[in-house]
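For reference, the structure discussed in these notes is given below.
No lab work stands behind these numbers, since they all come straight from the coordinates. Note that the structure is a prediction, hence the values are computed from the model and not measured. No Cβ is skipped: glycine too gets one built from the backbone with ideal geometry, and neighbour counts run over all protein chains shown.
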Amino acid sequence: MDAKDWDERYDATELVWSAEPNRFVEEIVRPLTPGTAIDIAAGEGRNAIWLVQEGWTVTAVDFSGVAVERMRARAEAVLGAEAGRLTPLVGDATVPAPGGPAAYDLVLFCYLQLPAAELKAALRHGVEAARPGGRVVVIGHAGRNLTEGWGGPSSRDVLYDPDEVVDAVDGLPVVVEHADIRVRPVETDEGPREALDTVVVLRRA
């Protein structure tokens, strides 16, 4: 899907994604000391807004202008006077992050589903954007989800298991703190289902 496709998807409904943060983002980030963060492929801002509520100063990037405008409006409604600590931007995940090298204590990729070469470029730029000691958190629909889980993209080309993320950052200045597949319960019209997500936490060396 290109930016126009995503614009149309966001235009078609009031809220494409949940208003709540991703469960794994919350679990991983909550123990960290708040600082500066960038949320790449931020969508309507569910994780970015939660990060601000937790004390972070956040830059949130998405390549859908409709999503970014929706994020800005939601931030003003939800955060009030704190909305100024969220900077929503239209941008491409596969180019250097706004702010320059070593600008962020946290770099978040949550369900950025790209083909391998594009994902590798995005991760490289994400690592460059992280300060030494900062975290790069990658959460995505796992490759195994296609046959063993529920929901998510139907093309294996844009899914990735933990080892594929680790391979993609091989040679970059990061330490793998953990990389695994996690089960995410999903409520559906047909009853509860289980999705399989890749969860990788990298620490910038």
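Report, in deg cm²/dmol and to the nearest 500, the calculated mean residue ellipticity at 222 nm for the chain, where each DSSP H run with n ≥ 4 adds -39500 (n - 2.57) and the sum is divided by the residue count.
So the helix-based figure for the chain works out to -9000 deg cm²/dmol.
Taking a spot 7 Å from the Cα of residue 23 along the direction of its beta carbon, which residues of the stretch 103-140 have an amide N less than 18 Å from it?
110-111, 138-140
Provide 160, 104, 111 in ascending order of the number of other Cβ atoms located within 10 Å of each residue's Cβ, fewest first.
111, 160, 104
Given that just one value was derived from the coordinates, which of (1) 9, 36, 40, 14, 1; (2) 7, 24, 25, 10, 6, 6, 5, 5, 5, 4, 3, 1, 0; (3) 8, 30, 35, 21, 5, 0 is P(r) over Cα pairs in 10 Å bins from 0, in percent?
Correct label is (1).
I'd like the GluC sites (Glu not before Pro) in the stretch 11-111 restricted to DSSP loop residues with at most 10 other Cβ atoms within 10 Å, sorted by number.
Within the stretch 11-111, the qualifying GluC sites (Glu not before Pro) (loop, at most 10 other Cβ atoms within 10 Å) are 14.
Scan the stretch 147-205 for GluC sites (Glu not before Pro) in coil per DSSP, keeping those whose Cβ has at most 15 other Cβ atoms within 10 Å, and list them by number.
In loop regions of the stretch 147-205 (DSSP not H, G, I, E or B), the sparsely surrounded GluC sites (Glu not before Pro) are 190.
Using a Förster distance of 35 Å, how high is the FRET efficiency between residue 156 and residue 189, based on the Cβ-Cβ distance and rounded to 0.05?
0.85
How many nm is it between the label spots at residue 69 and residue 176, if each spot is 7 Å from the Cα in line with the beta carbon?
4.2 nm
What shape does the stretch 93-205 take by its C-alpha gyration tensor, where a ≥ b ≥ c are the square roots of the eigenvalues and a/c under 1.5 counts as rounded, a/b above b/c as prolate, and the rest as oblate?
Prolate is the answer for the stretch 93-205, as a/c is 1.5 or above and a/b outweighs b/c.
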